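One structure below.
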Amino acid sequence: MSTTSSARTDSVVDVFEQAASTYDRTGVSYFEPFGTALVRGAGIRPGDDVLDVGCGRGAVLFPAAEATGPTGHVTGIDLAPTMVALTADDAVRAGLTQVEVRVGDAQQPSFPPRSFDVVLAGMIVFLLPAPEQALRAYARLLRPTGRLAVSTPGTFDPAFVAAMDALAAHLPAEQPRPAAAVGPFDDERTITETMTAAGLDVVAISEHRVESRFHDVDHWMQWMWSHGARALLQHLPADRLDAATADAARALGSARAPDGGLSLTTAGRLTIAVPRPRDPAPVAAR
């Protein structure tokens, strides 16, 4: 991994380390429904050995543990130590003896080849410095009949996009603005090409839509600070945060629900892939 990639990884880990205590804990339906849908699509069976990369606070991990049952085993890895500690405590309190949570890198998980029946990657691969390399690593970890299930963002609510732009307008001049870039998960064609290059055959790509409700703009901002969006928010000058929030509130006007709250709909893509059959090892001459 290059120095630039390492710096990017450290920056992303710092964001999620700071968000760990509130990540997916603000009363907003977002990661959990995407995680449940991903596990359902993966077709996990009782007794399966499952790896959840970038497990966060368990939106994928815990539905996977329910699917494997006590005869299976689910390993969750994350590079944010606080995220790992909190999620491990949650698993212990829930009595999930089939769950193990450890610090580990979603970019290059350190497990022997063919260790798992299922590898799950919920809303993580697009954040990695080298997604295609990570997918190749996941393919190596799968048993011949194994399955990879990946979720990636699809279309964001227009009001959310407008609100993000409103916030970004208050960044200092020297701070780069978030910019959409062409990536390996932009549509079904690029997803299929990316998986193929990683030695995986796509079985299905589907869309899953999630409606997220917020009491008001303050609740939306609380949620924003609790996940990856804090990478933008933490660069806003303190003396401009109120003005930035007011501009975001105006941008969110079209998302106002009849009860006065906010409703935002996000579309995500769920991809199920299997390892391409490997050529059998040559038989040694006698």
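Values in this text are rule-based calculations from the coordinates and carry no lab data. As the structure is a computational prediction, the values presented were derived from the model and not from experiment. Positions of Cβ are generated from backbone atoms using ideal geometry, with glycine treated the same way; all protein chains shown enter the neighbour counts.
Quick rundown of the values:
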item: Rounded to whole Hz, the Karplus (6.51, -1.76, 1.60) HN-Hα couplings of region 242-253, x for glycine and proline; result: 5, 5, 5, 5, 5, 5, 5, 4, 5, 5, 7, x
item: On Cα atoms only, tilt of 188-197 relative to the major axis of the chain in degrees; result: 40 degrees
item: Coordinate range along principal axes, alpha carbons of region 183-286, Å, largest first; result: 77, 33, 20
item: Pairwise centroid distance, computed over Cα atoms, of region 53-105 with region 182-219, Å; result: 23 Å
item: Cα gyration tensor shape of region 38-115, rounded if a/c is under 1.5, else prolate or oblate by comparing a/b with b/c; result: oblate
item: Length gained when the stretch GLU66-ARG114 is fully extended (0.36 nm per residue, less Cα-Cα span); result: 15.0 nm
item: Antiparallel DSSP beta bridges within the chain, as percent of all bridges there, nearest 5; result: 50 percent
item: Helix axis angle, 31-42 relative to the chain longest principal axis, alpha carbon, degrees; result: 20 degrees
item: FRET efficiency for ASP259 and ASP165, using Cβ-Cβ distance with R0 set to 30 Å, rounded to 0.05; result: 0.70
item: Net charge over other residues, Cβ less than 10 angstrom from the Cβ of ALA166 (K, R count +1; D, E count -1); result: -1
item: D_trans [Stokes-Einstein, Kirkwood Rh over alpha-carbon pairs] for region 115-195, 4 °C, 1.567 mPa s, µm² s⁻¹; result: 86 µm²/s
